[in-house]
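The values are calculated or read from the model by the stated rules, or taken from the named source; none is laboratory data. Because the structure is a prediction, the values reported are computed rather than measured. Here the Cβ is made from the backbone with ideal geometry for all residues, glycine too, and neighbour counts use every protein chain on show.
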Amino acid sequence: MQRTLIIIITAVVVVGVVLAGIFWLRAPNAPKGDIKQTVSSTGNTNTTVVTTGGTTVLEKELTVSTLDGNTLQVNDFKKNNLTVEDTNNKDHFYLSGGLDPVKDNAAYSILYVEFDQSFNVAILQEPLGEVRKRAEQELIKLLGVSQTDLCRLRYIVSTPNWVNEIYSGKNLGFSFCPGAVQL
């Protein structure tokens with residue numbers, strides 16, 4: 001009889017602890033939303049664990065250097081299935097336009113050079129102003145940054161002579177950055 005009573009009391013205590021834990025997790029002041037934690041770092045890529053509603057996902061963030069000597073966290077565009085690595089030029093990644101943008105009749109090309117962490121945007125069709133804006137919007141989306149952050153990057157926006165003789169050989173800049181050429 002005494003043994004049965006001890007088992008019942010132990011069961012009630014265990015059930016009480018479990019219920020208290022469940023109540024605490026569902027309490028109004030319990031942590032909500034995404035929980036992010038950096039778990040490893042290799043070179044200029046961090047691995048971040050993101051937990052949302054009990055699901056854990058690894059998220060890659062790439063760090064690129066800026067003109068002012070600082071760094072900026074961007075989406076890891078190298079893992080994007082649209083990014084193409086140039087097998088002939090190590091550490092060159094085409095974010096847009098592909099390996100042969102002229103052959104593919106692309107309006108623009110966006111190239112990332114890992115060596116100096118720079119972005120090269122080539123405007124390959126007229127009207128230059130409209131095509132530049134489309135390239136800017138795509139780069140903002142791919143990197144997951146603001147216009148202000150985009151201006152901080154090491155970059156060149158240019159056009160070849162066969163597209164426009166007047167603006168070829170000049171850094172046109174992003175339209176919203178200080179010093180940009182107005183098109």
Requested in this report: Pick out the one residue from Thr159, Thr148 that is at pLDDT 95 or above, among the hydroxyl-bearing types (Ser, Thr, Tyr) and surrounded by 14 or more Cβ atoms within 10 Å (Cβ to Cβ).
Outcome: Thr159
Query - Lone unmet requirement of (1) loosely packed, with under 13 Cβ neighbours inside 10 Å; (2) under 16 Å from the mean Cα position of the chain (by Cα); (3) closer than 18 Å to Val64 by Cα for Asn81 - result: (3)
Report summary line: Condition set hydrophobic (A, V, I, L, M, F, W, C) and over 25 Å from Asn75 (Cα atoms), scope the stretch 162-179, selection surrounded by the most Cβ atoms within 10 Å (Cβ to Cβ): answer is Val163
**Report entry** Filter result (aromatic (Phe, Trp, Tyr) and in a loop (DSSP other than H, G, I, E, B)) within the stretch 97-150
**Finding:** Phe115
Requested in this report: Please state which of the following conditions Val84 fails to meet, knowing it meets all the rest: (1) more than 20 Å from Leu143 (Cα to Cα); (2) at pLDDT below 95.
Outcome: (1)
Query raised in the report: Which is in contact with a strand residue (DSSP E or B) (Cβ under 9 Å, 6 or more places away or on another chain) and loosely packed, with under 13 Cβ neighbours inside 10 Å, of Asp86, Asp116, Asp91?
Result: Asp116
